[in-house]
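All remarks here apply to the structure that follows.
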Amino acid sequence: MWSSHVKIGTEISIASIPASQLAKEFGTPAFIMDEGDFRTRATAWNSALHAAFGEQAGNVYYAAKAFICVEVARWIKDLGIGIDVCTGGELAVALKGGIDPKKMELHGNNKSVAEIERAVSAGVGTIVIDSLWEIERVATAAAAQGVVQKVLLRLTPGIEAHTHESIATAHEDVKFGFSIASGSAWNAVQGVRRYQSLELRGFHAHIGSQILETESFQISAERLIALLARYRDEFAIELPELDLGGGYGIAYLPGETALAPDTTLKALAAVVTAQCAAHKLALPKISIEPGRSIVGPTMFTLYEVGTTKDVTLDDGANRRYISVDGGMSDNLRTSLYGAEYTAILANRTSSAPKISSRVVGKHCETGDIVIREIDLESDIAPGDLLATPATGAYGRSMATNYNHVPRPPVIAVKDGKARVILRRETEADLLGLDI
Ligand code: LLP
């Protein structure tokens with residue numbers, strides 16, 4: 001849950017900087033990011049990919065949607081890994097961070113023509129084609145610019161991944177990609193082959209997010225490999241790449257276990273190797289797109305408590321409402337997916353008994369809940385700080401300005417130093433849009 005440089009002593013500290021000092025210097029709410037931990041996790045996935053697939057290791061494409069800003073894009077560049085972007089906006093940040101376009105992949109089920117043209121002209125290494133419409137759009141953009149664009153086809157392997165409905169992506173009834181079972185994937189293969197400005201490199205699948213077992217990844221790989229075999233049988237060519245997407249789950253609560261890079265990718269490699277052997281295919285280059293499992297645990301959110309109130313429930317039990325200075329604008333995941341988080345008192349220790357509590361935000365609706373049910377110290381009072389771990393993925397990136405609340409900053413901490421890498425939004429930023 002917590003990043004590696006967080007210590008929980010008399011108060012929480014990260015890389016030796018106490019939470020209270022961070023709050024004083026940067027204000028709350030704030031996302032506190034452990035830079036060293038980010039680098040370690042990204043490196044761990046990259047090393048595990050190479051250990052599992054050897055020379056056939058493709059790229060780790062960090063999924064920018066989990067969290068990106070220009071400084072993090074610079075870290076990605078330093079680390080020498082790739083990036084998955086799914087909009088023109090994410091592409092702009094990745095380019096600004098200096099990432100080599102060849103190490104970029106462009107995703108999206110409804111990329112605009114402008115986004116496609118921009119990606120092609122920037123030299124984006126791979127465009128992952130998601131619909132029949134897009135085949136012609138990418139082909140036209142590439143032809144107009146006189147280049148041959150490398151593409152993958154995004155496939156839906158028909159898997160019910162064990163995760164929340166809104167973040168499962170590989171069953172049939174979904175907006176993404178081409179269904180293998182219905183034959184639409186094969187139509188797409190034939191469609192791409194019609195264009196000389198497209199080079200089909202292979203297939204892609206992303207089965208969903210926050211998945212905590214490896215079996216679904218393995219079934220997906222098997223189905224993609226069966227299609228590679230069909231392609232070889234039909235066209236006497238072996239496609240050289242498979243991208244197996246992201247989705248590796250992390251721990252949000254005490255007692256949960258994240259999917260570990262080395263064991264997860266070793267298990268996947270065993271299946272991929274066996275399936276390729278069974279189909280007499282050479283092992284293709286294997287890429288992955290982890291987002292959450294790199295950035296999720298690297299951040300915690302630091303809030304200040306503003307008010308508390310007790311209510312009596314129907315069964316006579318007491319519930320303490322603890323209101324913090326953020327809420328659904330910086331963490332939409334609780335209200336959107338019923339996601340569960342934990343929090344701890346961050347500025348001091350307390351031996352007061354723990355009582356049933358609900359951590360809520362400052363927004364004007366009842367659903368503005370950060371943590372639905374948690375036991376917290378009964379003496380928590382206005383001015384105390386709460387820290388919620390594992391908010392790095394899809395926290396700041398899905399933050400909104402609901403109720404005209406400016407979005408929180410991201411503060412990177414490394415070697416005992418803290419610095420703003422994404423500043424707090426201001427009211428001037430918000431008013432700047434008004435005409
Ligand atoms: N690749 C593709 C094509 C994706 O669509 C995604 C996530 C990823 C990689 C990265 O998945 P990850 O490793 O981060 O699980 N907002 C939701 C998650 C949506 C994920 C969308 N796609 C949440 O907060 O749980």
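The values are calculated or read from the model by the stated rules, or taken from the named source; none is laboratory data. Since the structure is predicted, the reported quantities are computational estimates derived from the model, not experimental observations. We place every Cβ from the backbone using ideal geometry, glycine too, and count neighbours over all the protein chains shown. Surface areas here come from the heavy atoms of the whole protein model, side chains and all, with no ligands, DNA or RNA. Shrake-Rupley method; radii C 1.70, N 1.55, O 1.52, S 1.80 Å.
Selection over the range 195-216 of residues that are open to solvent by 10 Å² or more (accessible area, probe 1.4 Å) and in contact (Cβ under 8 Å) with a residue 40 or more places away in the chain gives a count of 13. A188 passes all but one of (1) modelled with pLDDT under 95; (2) over 19 Å from G246 (Cα atoms); (3) buried (at least 24 other Cβ atoms within 10 Å of the Cβ); which number fails? A188 satisfies every listed condition except (1).
Just to be sure before I move on: is I225 within 21 Å of G202 (Cβ to Cβ), open to solvent by less than 10 Å² (accessible area, probe 1.4 Å), not in a loop (DSSP other than H, G, I, E, B) and not small (G, A, S) in the structure I sent? The answer is yes for I225. Is there a residue being closer than 19 Å to A64 by Cα, out of contact with any strand residue (DSSP E or B) (no Cβ under 7 Å at 6 or more places or on another chain) and open to solvent by less than 50 Å² (accessible area, probe 1.4 Å) anywhere in the range 133-154? Scanning the range 133-154, I find no residue that is closer than 19 Å to A64 by Cα, out of contact with any strand residue (DSSP E or B) (no Cβ under 7 Å at 6 or more places or on another chain) and open to solvent by less than 50 Å² (accessible area, probe 1.4 Å), so the answer is no.
Residues in the range 280-296 that are away from the ligand (no atom under 16 Å from the Cβ) and surrounded by 15 or more Cβ atoms within 10 Å (Cβ to Cβ): L281, L283, P284, K285.
Here M1 meets the list (1) surrounded by fewer than 22 Cβ atoms within 10 Å (Cβ to Cβ); (2) part of a strand (DSSP E or B); (3) within 16 Å of the ligand (Cβ to nearest atom) almost entirely, failing just condition (2).
Looking across the range 37-78 at every residue that is hydroxyl-bearing (S, T, Y) and within 18 Å of the chain's Cα centre (by Cα), the one that is nearest to K414 (Cα to Cα) is identified as T40. Hey, could you check the range 310-343 for residues that are β-branched (V, I, T), farther than 13 Å from A381 by Cα and in contact (Cβ under 8 Å) with a residue 24 or more places away in the chain and say which is nearest to the ligand (Cβ to nearest atom)? Of everything passing the filter in the range 310-343, T334 is nearest to the ligand (Cβ to nearest atom). Summed over the range 331-344, residues that are part of a loop (DSSP other than H, G, I, E, B) and among the aliphatic types (A, V, I, L, M) total 3. Cβ separations smaller than 6 Å between residues 6+ apart or across chains give the following pairs from the range 117-142 residues that are assigned by TED's automatic domain parsing to the domain that holds G58 to residues that are surrounded by fewer than 21 Cβ atoms within 10 Å (Cβ to Cβ) and outside any helix (DSSP H, G or I): V120/Q145; S121/Q145; T126/K150; D130/N109; A139/Y195; A139/S197; A142/S197. Taking the numbered list (1) within 16 Å of the ligand (Cβ to nearest atom); (2) in contact with a strand residue (DSSP E or B) (Cβ under 6 Å, 6 or more places away or on another chain); (3) not in a strand (DSSP E or B) in turn, N347 passes all entries but (1).
When the range 228-246 is filtered for residues that are open to solvent by 70 Å² or more (accessible area, probe 1.4 Å) and in a helix (DSSP H, G or I), the ones remaining, listed by number, are R230, D233, E234. From the list L106, L91, L79, exactly one residue is surrounded by fewer than 20 Cβ atoms within 10 Å (Cβ to Cβ) and either over 16 Å from A144 (Cβ atoms) or outside the structural domain of L155 (by TED's automatic domain parsing) (or both). Which is it? Of L106, L91, L79, the one residue that is surrounded by fewer than 20 Cβ atoms within 10 Å (Cβ to Cβ) and either over 16 Å from A144 (Cβ atoms) or outside the structural domain of L155 (by TED's automatic domain parsing) (or both) is L79. Only one of the numbered conditions (1) within 14 Å of the ligand (Cβ to nearest atom); (2) in contact with a helix residue (DSSP H, G or I) (Cβ under 6 Å, 6 or more places away or on another chain); (3) not β-branched (V, I, T) is violated by G191, and that is (1). From the list A269, A251, the lone residue that is more than 16 Å from the ligand (Cβ to nearest atom) and either assigned to a helix (DSSP H, G or I) or surrounded by fewer than 20 Cβ atoms within 10 Å (Cβ to Cβ) (or both) is A269.
Within the range 171-183, being over 18 Å from L239 (Cα atoms), open to solvent by less than 70 Å² (accessible area, probe 1.4 Å) and over 20 Å from the mean Cα position of the chain (by Cα) holds for S179, G183.
Every residue in the range 67-76 that is open to solvent by 10 Å² or more (accessible area, probe 1.4 Å) and aliphatic (A, V, I, L, M), please.
Correct list: I68, V70.
Please state which of the following conditions E213 fails to meet, knowing it meets all the rest: (1) at pLDDT below 95; (2) closer than 23 Å to G82 by Cβ; (3) not small (G, A, S); (4) not in a helix (DSSP H, G or I). Result: E213 fails condition (2) only.
Looking only at the range 319-344, residues that are of a type in the set (G, A, S), on the phi < 0 side of the Ramachandran plot and open to solvent by less than 40 Å² (accessible area, probe 1.4 Å) come to 5 in all.
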